[in-house]
Every structure is written in structure tokens, then in C-alpha cells.
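Novice: Pasting in a structure now, in C-alpha cells, and then I'll have a few things to ask.
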Amino acid sequence: MQIYTAKTYELLTEEEGKLCGLLDRDRIRGIAAIRSRKERVRSIFAGLLLRHAFLQAGYDIETWQQVEIQRGAYGKPYIKGVHGFHYGLSHSGEWVACAVDSVPVGIDLQEMKPWKMTLARRFYHEKEYDRLLALDGDDQVRQTEEFYSMWTAKESAVKLSGRGIGAGISQYVTAEDYSAVYDLDSGRTYYTKRYDTLKGYMICVCSEAKSFPNLLPKSVDFGKYEMEGNRC
């Protein structure tokens with residue numbers, strides 16, 4: 001498994017056009033329909049990160065230019081005809097993340113913003129809610145980290161299945177050490193690993209295997225790559 005991250009930055013109109021030319025056709029169509037400039041920029045960087053991961057996996061530019069994105073039964077995207085390359089994308093705040101593996105993978109990245117216990121009561125299992133309550137008034141920073149550890153673990157599992165958050169995350173119960181999530185509906189256990197090395201953000205990756213990297217590699221600097229004339 002490989003995990004890549006990149007920090008977004010403001011793009012000029014001409015930069016948007018140039019960078020969009022590097023993306024897969026499916027993403028280009030999707031970006032054209034996004035009205036929010038901020039969301040459009042994040043989608044561009046997510047597409048660039050997927051391209052970077054694809055090239056790092058050993059595929060060439062010509063193969064990338066022919067990439068066709070299709071979607072499974074639940075809408076999970078995959079690259080048609082490319083076997084053994086599974087990916088997941090996520091973005092929040094100023095960061096985007098991509099996980100790539102030879103087996104299905106899910107990843108979730110969240111900026112740790114203020115939150116309310118009512119959200120935890122609605123989406124979390126009773127045991128998880130109690131774990132958060134036990135920290136109430138004790139350590140707000142730790143409580144926030146726990147809340148987002150739960151959230152990203154659950155959503156990464158949803159993204160692994162491709163069902164989407166609309167299908168619900170309350171069915172997924174996290175292990176206390178966040179090494180796994182249990183799907184109450186199917187009875188299956190999925191492995192997870194969280195990363196909190198990006199200040200103010202939480203990342204969790206979900207897989208059917210335990211092939212997680214111990215540390216996140218250095219983030220990809222697309223601005224630097226563009227200036228130096230390297231491929232991104």
C-alpha cells in the first residue's frame with residue numbers, strides 16, 4: 001500500500017486549465033460541473049494525486065492518457081482494465097489524500113473542526129459514544145482526536161465498500177485502538193490505521209489486509225513539480 005498527500009493552493013484561471021489537461025476525462029467532466037471554486041481546486045488536486053500515484057506505480061504517461069474511470073455497483077470508482085490497482089481519494093480543508101493498493105482500499109481525511117456530541121449520538125455506537133463521554137471535561141483536545149479517529153475510521157470503511165456515507169456509518173464500530181472496524185450488518189472486520197501527522201487533520205485508511213505503511217511519506221509538492229518542469 002502507498003499513501004500520498006498534497007496541500008492545495010489557489011490557482012489562477014489559466015493554471016486550472018493547464019492542470020485539468022493532466023487529469024482523467026471523468027474528473028474533467030466532473031470539475032466542469034462544480035460551481036464552488038474551492039471545491040473545484042480540491043478536486044483538481046485530488047485528480048493530480050491519483051495521476052501521481054498511477055505513475056509511481058509504474059504505469060506510463062501514454063497509459064494514463066487512455067485511462068477510463070468506471071464505477072462499481074455502489075458507485076466506487078475504478079480504472080477500467082487495470083487490475084491490481086485499487087485506489088481511494090479524500091479531501092478536506094487544504095489537503096487531499098490518495099491510498100493505492102493491490103486490493104480494495106478506503107481512505108478518509110478530515111480537518112478537525114469544532115463538533116457537537118449530538119453528532120456522535122446520531123452516528124456512533126453506544127460504546128463509542130460512552131468512550132467520548134468519558135473524556136468530556138477532561139481533555140478537549142484528546143476528545144476531539146477521538147471523535148475524528150472514530151469518524152475517519154468509519155468513513156474509510158464506507159469508502160472501501162463504495163456504499164457512500166449516505167448508506168450510514170452507524171453500522172461500523174471501531175476498535176478502541178483503531179486497528180479495525182466491525183461491520184454490524186455483514187459481520188465482517190476490516191483493518192484500519194490512522195495517521196495524525198498533518199497538524200489539525202486526521203487520516204484513516206481501511207483495508208482487508210494489514211499492509212499499512214508505518215508513516216506517511218513526505219507530501220507531494222505539485223507547485224514545485226510544475227516549476228521544475230517535472231511530471232506530476
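Novice: In the set Glu208, Glu226, which member is modelled with pLDDT under 95, open to solvent by less than 60 Å² (accessible area, probe 1.4 Å) and farther than 22 Å from Phe123 by Cβ?
Specialist: One residue alone meets the criteria, Glu226.
Novice: Could you go through segment 5-15 and let me know if any residue there is open to solvent by less than 20 Å² (accessible area, probe 1.4 Å), without any contact (Cβ under 8 Å) to a residue 40 or more places away in the chain, assigned to a helix (DSSP H, G or I) and not acidic (Asp, Glu).
Specialist: No, segment 5-15 has no match at all.
Novice: Quickly run through segment 74-87 and pick out the residues that are in contact (Cβ under 8 Å) with a residue 24 or more places away in the chain and open to solvent by 50 Å² or more (accessible area, probe 1.4 Å).
Specialist: Tyr74
Novice: Let me ask something additional. Would you confirm whether or not segment 53-62 contains a residue that is at pLDDT 95 or above and within 17 Å of His91 (Cα to Cα)?
Specialist: For segment 53-62, residues at pLDDT 95 or above and within 17 Å of His91 (Cα to Cα): present.
Novice: Name the residues in segment 36-50 that are touching a helix residue (DSSP H, G or I) at 6+ places or on another chain (Cβ under 6 Å) and either open to solvent by 10 Å² or more (accessible area, probe 1.4 Å) or more than 16 Å from Tyr78 (Cα to Cα) (or both), would you?
Specialist: Matches in segment 36-50: Arg40, Ser43, Ile44.
Novice: Of the numbered conditions (1) closer than 24 Å to Lys199 by Cα; (2) buried (at least 21 other Cβ atoms within 10 Å of the Cβ), Gly137 fails exactly one; give the number of that condition.
Specialist: So the condition that Gly137 fails would be (2).
Novice: Okay, moving on. Among the candidates Lys127, Lys154, Lys113, which residue alone is surrounded by fewer than 20 Cβ atoms within 10 Å (Cβ to Cβ) and under 30 Å from Pro77 (Cα atoms)?
Specialist: Just one listed residue meets the conditions, Lys113.
Novice: Next question. Tell me, yes or no, whether segment 88-95 has at least one residue that is outside any strand (DSSP E or B), open to solvent by 10 Å² or more (accessible area, probe 1.4 Å) and aromatic (Phe, Trp, Tyr).
Specialist: No, that holds for no residue.
Novice: Could you tell me which numbered condition Ile165 fails, if it satisfies all but one of (1) modelled with pLDDT of 90 or more; (2) open to solvent by 50 Å² or more (accessible area, probe 1.4 Å); (3) among the hydrophobic types (A, V, I, L, M, F, W, C)?
Specialist: Condition (1) is where Ile165 drops out.
Novice: Another question about this same structure. Select from segment 96-110 the residues that are open to solvent by 10 Å² or more (accessible area, probe 1.4 Å), in contact with an Asp or Glu (Cβ under 9 Å, 6 or more places away or on another chain) and not hydrophobic (A, V, I, L, M, F, W, C) and list them in ascending order.
Specialist: Pro104, Gln110
Novice: Within the set of pairs 6 or more residues apart or between chains, which connect a residue that is farther than 18 Å from Ile3 by Cβ inside segment 167-196 to a residue that is open to solvent by 70 Å² or more (accessible area, probe 1.4 Å) and among the charged types (D, E, K, R) with Cβ atoms less than 6 Å apart?
Specialist: Filtered contacts from segment 167-196: Gln171/Asp185.
Novice: For segment 102-112, indicate whether the set of residues that are part of a helix (DSSP H, G or I) and under 27 Å from Ser207 (Cα atoms) is non-empty.
Specialist: No - not one qualifying residue is present in segment 102-112.
The values are calculated or read from the model by the stated rules, or taken from the named source; none is laboratory data. What you are looking at is a predicted structure, and each value in this text was computed from that prediction instead of being measured. No Cβ is skipped: glycine too gets one built from the backbone with ideal geometry, and neighbour counts run over all protein chains shown. Protein only, heavy atoms only, side chains kept; ligands, DNA and RNA dropped before computing areas. Shrake-Rupley method; radii C 1.70, N 1.55, O 1.52, S 1.80 Å.
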